[in-house]
Structures are given as C-alpha cells and as structure tokens.
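> What follows is a structure written as structure tokens; I'll ask about it next.
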Amino acid sequence: MDITIFQEKRILLGITGSIACYKSVDLASKLTQNGALVDVIMTEAASRFIAPLSLSSVTGREVYSDMWSLDDHIQHVNLGEGADIFVIAPSTAHTIAKIAHGLADNLLTITALAARCPILMAPAMDVGMYTNPATQANVATLKDRGLLFAGPAEGRMASGLVGLGRLLEPTELMGHIRRALSSGGPLKDKKIIVTAGPTQEALDPVRFLSNRSSGRQGYALAQAALDAGADVTLISGPVQLNSPVGARMIQVNTAVEMSDAVLKEVADADVLLMAAAVSDFRPAELGKQKIKKAQAFSGGLGLPLISNPDILEQVKTQKAKTGRPLVSLGFAAETENLMEYGREKLVRKALDFIAINDVGSADSGFSVDTNRIILIGSDGRLMNMPLQSKSAVAEDIIRVIVEALDLRIN
Ligand code: CTP
C-alpha cells in the first residue's frame, strides 16, 4: 500500500468493549502498513474481547490501558496532544454517552476530554441502542461540538438482528480517517471535478457499446484531490469501485449524460480532470425491444453509429464565456505516436495539461493497477513519469495541479 497521507501521522486509536473490536486489529495493521504511528488505548472491556498483545504486535508500539502508574500521570494529556487524530473504533453507546457528558472515568475518556486533535468516532452497537433517542441525542451533541462520525453501517449484527449499528469495515474507516486528516490541505476550498470510467451506449434494452476502462486512474485522482483537501465531485461511468469517502458522486451511463453533468459542474469549478474514457460514438437508434438474432443478421452486420459530443471541446467553448474551469487536464489514451497525438489533443481541446498513457502495453493503462504517464503542459513543460501505481500517478498529477492553480490565482 502507498497511501502517503498516513505517513508519519500519529494516530491515537481508542478501542471500547464491543464484539466489533476484532476489526480494530486489522485497522491498526493497515494504518501501520501505510506509515502511521498508531498508539492504542483500550478500555478494560475491550481487552476482554481482544488481547492488547494483538494490537502491539501489529503496531509495534505500546498499548495503553487503565493500569497506569504514577509516573504516567499526564499520559492522557501527552497522548491527546501529540496525536494528529483520535479515532475511537468501535465506539460503544456507553462511551459515546460518557464523552457527550464530559465523564472521564478511564484513560480513553480522560484522553478524549483532554484531546485537542480532531476526534472521529465509529459507533458499533445493536440497532435498538443506536436508534434510541438517548444515543441519538448524544451523537447530535457530539456532532454539534465538532466531533466526526463514521458509520454505523446497516447489516447483520452479532445478536442476529439486522439494522443500523455495524462498525464500518477497516477500509471504509481508513477513508474517513484520511478525509479527516486532509483538512487544511493545499486544495482546501477548491472545487475539483473528476470524471472516471467508461460510458455505456445502449443498443437495445440488454446490450451496450462500451470500453475496457476500469475507472481506477480517475478514482485515484479523486482520492488524491480529496487528500489534498479539495471539494471533489466525481462524475463516474459504471465501474466496480467503492466511492472515495468525501467525494460527491454523480453516476452516469452515457456520454451525453456525462457531458450534461460536466458542463453543469465546471461552471463554478477550479479544476477539471477528465480521466473518463468517453465513447466517441453511439448506436444511431436505440432498439425499444431486444434485437432478435434473425433481425440483426437479416440486413448484414452493419451497425449504424452517430458521434457523441466531445466533452472537452464543449468545455472549451463554455470556458470562453465563463472562464471556468481555471485549469483543465485531459488524458490521451494512445497505442502509437504517443507524443504527436497527445500534443494534438492538448491544442485541439485547449487544455492546460495532457496526460498521455500508452494503453498498448500490458503494465500501463486500462484494467491494471499501474500506469506510465507522460505529462505535457501548454507551457511546453514535459514530465516523463516512471511506471508506478495509479495512486502514485494521481499524487504526482495533483502536485502539478496545485502548482498550476497557485500560478493561475496569484
Ligand atoms: N474526451 C471527451 N469527449 C469525448 C471523447 C474523449 O471529453 N467524446 C476526453 C477524454 O476524457 C480524454 C480526452 O478527451 O480526457 C482524450 O480522449 P481520447 O479518447 O484519447 O481522444 P479522442 O478525443 O477520443 O480522440 P481519438 O479518438 O482520435 O483518439
């Protein structure tokens, strides 16, 4: 994993007594693998569900409990002061209630009271307990005071009941933590529009024309922009990916739907990152009923197509009137003449940057986790990026965008 936002971050992980505690070990492990320094505080009840040794084994650091000595009498202050974020996962109804009322009867609640860093609570309890007006009032009080909440999710609980109360999965919790850590980043208050994935052009009620785009590079860009603190709107074609936590999602199917969404959203946007693989054409007619085999072959195999709007060219026309977006980046998916075709698109679409990727090679482009990009700027700059993960590509591109936006604004 290579989520740079976690590197060197001090994360205080509070664990309270719930059967969902076992997920905290995985969470602590994933955070540590991504470079975070994870200090754990467990309540006495939590240590009856999982052993402190499990946590110290994955974090390589001390696990704090209520058995503290006189030497550690200001431990709660030290822990809370030094942390970038205090994550309490799982948070039981009892702990939520105690923190809401300022009670401080164990190291975890004392630290919550003393902490100056953001606090993120991930509730886990039975549905009746969570929906109880007392818990709801406590959650509302804490939200009012600026505490952050992640979940709970709906689903089956250990009791066998189904409803709202499940602890979010560790990967979802990671998304909430990285969103909380990103506030104040270099793209704070900037509106960034990202498009991702393929479009699907219907032929009849059961068939469509599409392409092999997985959406991974676009989703990685959206995540990197979120990590830089941006307000991100992700306009996505149909893909098999989880929405990045914090992104405003607009789901579309066709190129025309994507075009409508992009033109509306860029009207007040700072940046457009156009990573979607938009279908250039669509069937001339949409069959109302499923096309039968005999019907399809009767007139030969010809399939009349008409062209779709070129979204970036439409944005160019709109920008001439509105001045928005301030910075735009397109992708050029090529299999040959990379530089020549890329430069031509940069000019024709009036972009600030074009990210050229060789979709012909096995380790770069569609449906793989890595990408090799050549980034060209309208100012003549050229960056040859190495083969790297799509997340690393996205982070490199966002760094360039931050610089370009600074120049445009200042
Ligand atoms: N794009 C767009 N609207 C389209 C097609 C593409 O806005 N109808 C955008 C893509 O999202 C990408 C850039 O234009 O950012 C280049 O896309 P690409 O498919 O490489 O180029 P095309 O313009 O389709 O040209 P060609 O088919 O000749 O390669």
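> Which number in (1) part of a loop (DSSP other than H, G, I, E, B); (2) away from the ligand (no atom under 14 Å from the Cβ) marks the one condition that SER213 misses?
(2)
> Related question: Here is a list: ARG248, ARG282. Which entry is surrounded by 19 or more Cβ atoms within 10 Å (Cβ to Cβ) and of a type in the set (Lys, Arg)?
One residue alone meets the criteria, ARG282.
> For the stretch 251-268, give me each residue that is within 16 Å of the ligand (Cβ to nearest atom), of a type in the set (S, T, N, Q) and open to solvent by 30 Å² or more (accessible area, probe 1.4 Å).
ASN253, THR254
> Out of curiosity, is LEU405 modelled with pLDDT of 90 or more and part of a strand (DSSP E or B)?
So LEU405 does not fit the description; no.
> Restricting to the stretch 156-207, count the residues that are within 15 Å of the chain's Cα centre (by Cα), within 30 Å of ASP310 (Cβ to Cβ) and among the hydroxyl-bearing types (Ser, Thr, Tyr).
Number of matching residues: 1.
> (1) in a helix (DSSP H, G or I); (2) open to solvent by 50 Å² or more (accessible area, probe 1.4 Å): which one isn't true of ASN138, the others all being true?
(2)
Here is a yes/no grid of residues against (1) of a type in the set (Lys, Arg); (2) open to solvent by less than 10 Å² (accessible area, probe 1.4 Å); (3) part of a strand (DSSP E or B); (4) on the phi > 0 side of the Ramachandran plot:
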{"residue": "GLN217", "(1), (2), (3), (4)": "no, no, no, no"}
{"residue": "ALA222", "(1), (2), (3), (4)": "no, yes, no, no"}
{"residue": "ILE235", "(1), (2), (3), (4)": "no, yes, yes, no"}
{"residue": "PRO238", "(1), (2), (3), (4)": "no, no, no, no"}
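> Okay, next question. Answer yes if at least one residue in the stretch 347-355 is within 11 Å of the ligand (Cβ to nearest atom), part of a helix (DSSP H, G or I), modelled with pLDDT of 95 or more and under 28 Å from LYS264 (Cβ atoms), and no otherwise.
Yes, some residue in the stretch 347-355 is within 11 Å of the ligand (Cβ to nearest atom), part of a helix (DSSP H, G or I), modelled with pLDDT of 95 or more and under 28 Å from LYS264 (Cβ atoms).
> Okay, next question. Name the residue, out of VAL359, VAL315, that is closer than 21 Å to VAL194 by Cβ, at pLDDT below 95 and within 13 Å of the ligand (Cβ to nearest atom).
Selected residue: VAL359, the only one of VAL359, VAL315 that is closer than 21 Å to VAL194 by Cβ, at pLDDT below 95 and within 13 Å of the ligand (Cβ to nearest atom).
> Of the conditions (1) touching an Asp or Glu at 6+ places or on another chain (Cβ under 9 Å); (2) more than 8 Å from the ligand (Cβ to nearest atom), ASP310 satisfies every one except a single condition; which number is it?
(2)
> Out of all the residues in the stretch 16-24, is one or more without any contact (Cβ under 8 Å) to a residue 60 or more places away in the chain and either open to solvent by less than 10 Å² (accessible area, probe 1.4 Å) or touching a helix residue (DSSP H, G or I) at 6+ places or on another chain (Cβ under 8 Å) (or both)?
yes
> Follow-up question, since we're still on this one. If you scan the stretch 322-346, which residues turn out to be open to solvent by 20 Å² or more (accessible area, probe 1.4 Å) and within 12 Å of the ligand (Cβ to nearest atom)?
Scanning the stretch 322-346 gives PHE331, ALA333, THR335, GLU336, ASN337, LEU338, GLU340, TYR341, GLU344, LYS345.
The values are calculated or read from the model by the stated rules, or taken from the named source; none is laboratory data. Worth saying up front: this structure is predicted, and the values here are computed from it rather than measured. Heads up, the Cβs are rebuilt from the backbone with ideal geometry, glycines too, and the neighbour counts pull from every protein chain shown. Quick note on the areas: whole protein, heavy atoms, side chains included, nothing else; ligands and nucleic acids left out. Shrake-Rupley method; radii C 1.70, N 1.55, O 1.52, S 1.80 Å.
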